[in-house]
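The values are calculated or read from the model by the stated rules, or taken from the named source; none is laboratory data. None of the values given here were measured: they were computed from a predicted structure. FYI the Cβ positions are ideal-geometry reconstructions off the backbone, even for glycines, and counts take in every protein chain you see. Heavy atoms of the whole protein, side chains included, go into the accessibility calculation; ligands, DNA and RNA do not. Shrake-Rupley method; radii C 1.70, N 1.55, O 1.52, S 1.80 Å.
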Amino acid sequence: MSKLNETDIQGFVLRGYNLPYGRYILLRFENPDRARALVSKLLPIITTGQRWDNGKPQSTVNIGFTHRGLAALALPDATLLSFPVEFQQGMKKRADILGDTGLNAPARWDDVWHGNDVHAWLGINGLTATALDDCCSQLRSLFAETRGAVELAAQDAVSNMVDGQQTGKEHFGYTDGFGNPDYLGIERNSQPGHGKQLPDGSWAPLATGELLLGYADEAGELPAAPIPHILASNGTFMVYRKLHQNLATFRSFLDEQSAVYGGGREKLAAKLIGRWRDGTPLELAPDAPDPSIVKDPQRSTNFTYGADGAGTRCPIGAHMRRAHPRDAFGFNGKLIDRRRITRRGQTYGRFVPEGELASDAEERGVVFMVLNANISRQFEFVQQQWIEYGNDAKQGNDKDPLMGNHGGHGKFVVQGDRSATNPPLVCAHLPSFVELRGGDYFFIPSMTALGMIAMKLVDPR
Amino acid sequence: MSNINGKVYAMNAITPMKPWKTWVLRLIFFVLGHVKSLQQDLINLSFIEFARWVVVPRAGFPQFGNGQEPEKLTYDYLLFFSNFNGTWNQYIDAFSAVLSKGLNLIWQWSEKFPGSVPVTLFKEYIGRVQFDTDYYFTAYPHATANDLKAAHAVQASYDDLRSRVNSLSDAEFADAYMSFVLQVQPNLGETGEAPVVF
């Protein structure tokens, strides 16, 4: 396949910027003409997928719209009605499907999500805090100048720093961001374990249509997309979820359970997710972390679960084995190739190193963003069937130990063996380590589509 | 009336076949029925409790007398009946992704079958020929096939341990108990409510 038209695709879709400072601004449109005027003004500053030959820019800007936002921009009804149902409904109405109930129920979300006012999302990233602020003031002057949008809320995010260095660590201390898939046509430093597994055991990129609208997907079809085709093509859908982390609960859980677990505290932390906290996969190094594996792209994601059917290395219910089961369900992973998602996440809140006092009540967590061509088939399926349920993993109704909506009723089995340092363990009455604080589904249009929206040229035919 | 009872979905699909093609399908069924390895992919889809295809010949429909006129049917029919766990979409997606050749072999003799790939046309076809379930009994609505297999494995290990427990010394019991835990540890998932259908 030839290269994609990178200048037509929003940069955020093609790559994680890995810039340390982020701000996610949520907008409400007041008037369709003025909102379109704002989109016109934003067009030249939206960051595209064009390669950065001169290094990283000071800041980046990307944009997405909820279905209500597209309606507020007065897109034709025929187009609005052609979007997939789950996007038309928005994430709040899908709460029962997603298991966003109890502690994660919409009634408990941040205020900004309580109405139905969120029309657009602006994702801004900066190399420095100053660059981020400068970019945001430029944007805010555009809001004021066009009177096109009201800023409802701004969510700040910042990569966790350890010893003054930017890290990929989230608040529980795990190094994150290993497993994003490769897609045909998207330039990236590819490594084994990304993409899909072939019958001979090698790895290949997923079909472009698993990420982008307008291209064939893994079933050889074009993903369901709105009309006209040119509005959809080179666009995608984003799931935005603000995930609060109960750090004190997490740490006291590790303290209590490791007191009775022969593998110790760090191994228990590793068993929850499938990687040691430095990122070493348990499948490759079950006894101790090995930094040489983490640093080696030929190895850090290059493993399968076929030889560990009993889960004595990586537990069958561990987070990573659920979210990306690789070959765990047989058929060389063919059952999972149309369930992959691309994740863009950034931490928010103060990083508290181990040993310092932390509280659950402090604002702290991950702004978790998922990109996929089909929210229902990809994100919603993974969330419902693999995170909040366990039948495909043969774990019954057990949920993802780390991400599950447990509310004090969760269970997690750590499969073990006869050795003293890898014994079996059943963790019962699991609390919720992570709670949902809001979010929605957004359409991330191509640059062409943004222009069409701005110029009122969307013609459903 | 529902196709769904707890964690289980019952699917009936009935498709017409030109009678001469029925003979080809019977030959294929004969081979599939006798070469067990050809059934393995279907069996390995762990969320399928049951799947069966049956030819209903046009002369095979019941005649009760009492004035019931014999029907003049021009087609034979293929009845497909399956019980599975999970969503309708998940089921057809999996069929299309991993069993497409086998499905085509069986269904291509039916009228207007579009092939099992691409999946959207296949789903449209199944939607058209599917008949909703009038009455559906399932003994364990809170359990999937995997849950039942897991429960059997746990029960068998437990029964084995219990049958030996009185003859064991403390040290032997500790060892036997550890063996029991290691045997059952992959099979300890909870049963419960099915996820919301979508």
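When we screen A:G279, A:G264, A:G209 for residues that are among the small types (G, A, S) and over 18 Å from A:G173 (Cβ atoms), the only hit is A:G209. Candidates are the residues of region A:411-438 that are of a type in the set (K, R) and assigned to a strand (DSSP E or B); the one that is farthest from B:A174 (Cα to Cα) is A:R437. Of everything listed in (1) surrounded by fewer than 18 Cβ atoms within 10 Å (Cβ to Cβ); (2) under 19 Å from the mean Cα position of the chain (by Cα); (3) among the hydroxyl-bearing types (S, T, Y), the single unmet condition for B:Y75 is (2).
What single numbered condition from (1) away from chain A (no Cβ under 11 Å); (2) farther than 30 Å from B:A13 by Cα; (3) of a type in the set (A, V, I, L, M) fails to hold for B:I126? Among (1) away from chain A (no Cβ under 11 Å); (2) farther than 30 Å from B:A13 by Cα; (3) of a type in the set (A, V, I, L, M), the lone unmet condition for B:I126 is (2). Those strands (runs of 3 or more DSSP E) of region B:1-110 in which 1 or more residues are at positive phi and touching a residue at least 40 places away in the same chain (Cβ under 8 Å) are absent. Just checking, does region A:393-400 include any residue being open to solvent by less than 30 Å² (accessible area, probe 1.4 Å) and either closer than 23 Å to A:P223 by Cβ or under 13 Å from the mean Cα position of the chain (by Cα) (or both)? Looking through region A:393-400, none of the residues is open to solvent by less than 30 Å² (accessible area, probe 1.4 Å) and either closer than 23 Å to A:P223 by Cβ or under 13 Å from the mean Cα position of the chain (by Cα) (or both).
Taking interchain pairs and intrachain pairs at least six residues apart, which have beta carbon atoms under 6 angstrom, with the first residue in region A:416-427 and within 11 Å of chain B (Cβ to nearest Cβ) and the second of a type in the set (A, V, I, L, M)? Here the result reads A:P424/B:V181; A:L425/A:V414; A:V426/A:V413, each pair linking region A:416-427 to a residue that is of a type in the set (A, V, I, L, M). Restricting A:G164, A:G148, A:G235, A:G195 to residues that are free of Cβ contacts under 8 Å to residues at least 60 places away in the same chain and touching a Phe, Trp or Tyr at 6+ places or on another chain (Cβ under 9 Å) narrows the list to A:G195. If you go through region A:17-39 one residue at a time, do you hit one that is under 21 Å from A:N372 (Cα atoms) and open to solvent by 20 Å² or more (accessible area, probe 1.4 Å)? Checked against the condition, which is being under 21 Å from A:N372 (Cα atoms) and open to solvent by 20 Å² or more (accessible area, probe 1.4 Å), region A:17-39 yields at least one hit. Is it the case that some residue within region A:372-391 is facing another protein chain (nearest Cβ under 9 Å), buried (at least 22 other Cβ atoms within 10 Å of the Cβ), touching a Ser or Thr at 6+ places or on another chain (Cβ under 8 Å) and part of a loop (DSSP other than H, G, I, E, B)? Within region A:372-391, one or more residues are facing another protein chain (nearest Cβ under 9 Å), buried (at least 22 other Cβ atoms within 10 Å of the Cβ), touching a Ser or Thr at 6+ places or on another chain (Cβ under 8 Å) and part of a loop (DSSP other than H, G, I, E, B).
Taken together, the residues in region B:154-173 that are hydroxyl-bearing (S, T, Y) and in a loop (DSSP other than H, G, I, E, B) amount to 1. Pairs are defined by a Cβ separation below 6 Å, a sequence spacing of at least 6 or placement on different chains, a first member in region A:26-54 that is closer than 30 Å to A:H114 by Cβ, and a second member that is open to solvent by 40 Å² or more (accessible area, probe 1.4 Å) and β-branched (V, I, T); the pairs so defined are A:R28/A:V150. The C-beta contact set for region B:138-162 (first residue more than 19 Å from B:N5 (Cβ to Cβ), second residue open to solvent by less than 20 Å² (accessible area, probe 1.4 Å), distance under 8 angstrom, 6+ apart or interchain) comprises B:A150/A:G396; B:A153/B:V184; B:V154/B:V184; B:S157/B:V184; B:Y158/B:V184; B:L161/B:A176.
Cβ-Cβ distances below 9 Å connect the following pairs, each with a first residue in region B:178-198 that is more than 7 Å from chain A (Cβ to nearest Cβ) and surrounded by fewer than 16 Cβ atoms within 10 Å (Cβ to Cβ), a second residue that is of a type outside the set (S, T, N, Q) and assigned to a helix (DSSP H, G or I), and a separation of six or more residues or different chains: B:S179/B:L161; B:V197/A:I97; B:V197/B:W88. For region A:405-419, the count of residues that are open to solvent by 10 Å² or more (accessible area, probe 1.4 Å) and of a type in the set (F, W, Y) is zero.
Look at region A:325-338: where a residue is more than 10 Å from every other protein chain (Cβ to nearest Cβ) and part of a loop (DSSP other than H, G, I, E, B) and a partner is among the small types (G, A, S) and crowded, with 21+ Cβ neighbours inside 10 Å, sitting 6+ places away or on another chain with Cβ atoms under 6 Å, you get A:R326/A:G333; A:D327/A:G333.
Scan region A:67-87 for residues that are more than 14 Å from chain B (Cβ to nearest Cβ) and open to solvent by less than 60 Å² (accessible area, probe 1.4 Å) and report the count. So the count comes out to 14. Restricting A:Q384, A:Q395 to residues that are modelled with pLDDT of 95 or more, within 26 Å of A:F83 (Cα to Cα) and among the polar types (S, T, N, Q) narrows the list to A:Q384. Can you pull out every residue in region A:303-352 that is surrounded by fewer than 19 Cβ atoms within 10 Å (Cβ to Cβ), small (G, A, S) and within 15 Å of A:G201 (Cα to Cα)? Listed by number, the residues that qualify are A:G306, A:A307, A:G330.
On inspection, A:K271 qualifies as under 25 Å from A:D360 (Cβ atoms) and within 14 Å of another protein chain (Cβ to nearest Cβ). Only one entry of A:A225, A:A288, A:A270 meets the criterion of being in the same structural domain as A:F83 (by TED's automatic domain parsing) and either at pLDDT 95 or above or aliphatic (A, V, I, L, M) (or both), and that entry is A:A225. Is it the case that some residue within region A:290-302 is within 14 Å of chain B (Cβ to nearest Cβ), surrounded by 18 or more Cβ atoms within 10 Å (Cβ to Cβ) and not aromatic (F, W, Y)? Within region A:290-302 (the criterion being within 14 Å of chain B (Cβ to nearest Cβ), surrounded by 18 or more Cβ atoms within 10 Å (Cβ to Cβ) and not aromatic (F, W, Y)), the answer is no, since none of the residues qualifies. Across region A:270-287, the number of residues qualifying as in contact (Cβ under 8 Å) with a residue 12 or more places away in the chain and either in a loop (DSSP other than H, G, I, E, B) or touching an Asp or Glu at 6+ places or on another chain (Cβ under 8 Å) (or both) comes to 11. The set of residues in region B:114-162 that are open to solvent by 90 Å² or more (accessible area, probe 1.4 Å) and not acidic (D, E) comprises B:R128, B:F131, B:Y135, B:F137, B:Y140, B:K149, B:H152, B:Q155, B:Y158, B:R162. Could you say whether any residue in region A:66-81 is modelled with pLDDT under 95 and farther than 23 Å from A:I387 by Cβ? So far as region A:66-81 goes, no, none of its residues is modelled with pLDDT under 95 and farther than 23 Å from A:I387 by Cβ. Being of a type in the set (S, T, N, Q) and in the same structural domain as B:F29 (by TED's automatic domain parsing) narrows it down to one of B:S157, B:S163, B:S179, B:S82, so name that one. Step by step, each of B:S157, B:S163, B:S179, B:S82 is checked, and only B:S82 is of a type in the set (S, T, N, Q) and in the same structural domain as B:F29 (by TED's automatic domain parsing). Checked against (1) at pLDDT below 95; (2) more than 13 Å from chain A (Cβ to nearest Cβ); (3) surrounded by 18 or more Cβ atoms within 10 Å (Cβ to Cβ), B:W109 passes all but a single condition, namely (1).
Table: residues versus (1) at pLDDT below 90; (2) within 14 Å of chain A (Cβ to nearest Cβ).
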residue	(1), (2)
B:P70	yes, no
B:D76	no, no
B:L79	no, no
B:G86	yes, yes
B:V98	yes, yes
B:L105	no, no
B:F122	no, yes
B:D134	no, no
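For region A:149-185, the set of residues classified as surrounded by 17 or more Cβ atoms within 10 Å (Cβ to Cβ), over 20 Å from A:T280 (Cα atoms), among the hydrophobic types (A, V, I, L, M, F, W, C) and more than 15 Å from the chain's Cα centre (by Cα) consists of A:A149, A:L152, A:V158, A:L184, listed by residue number.
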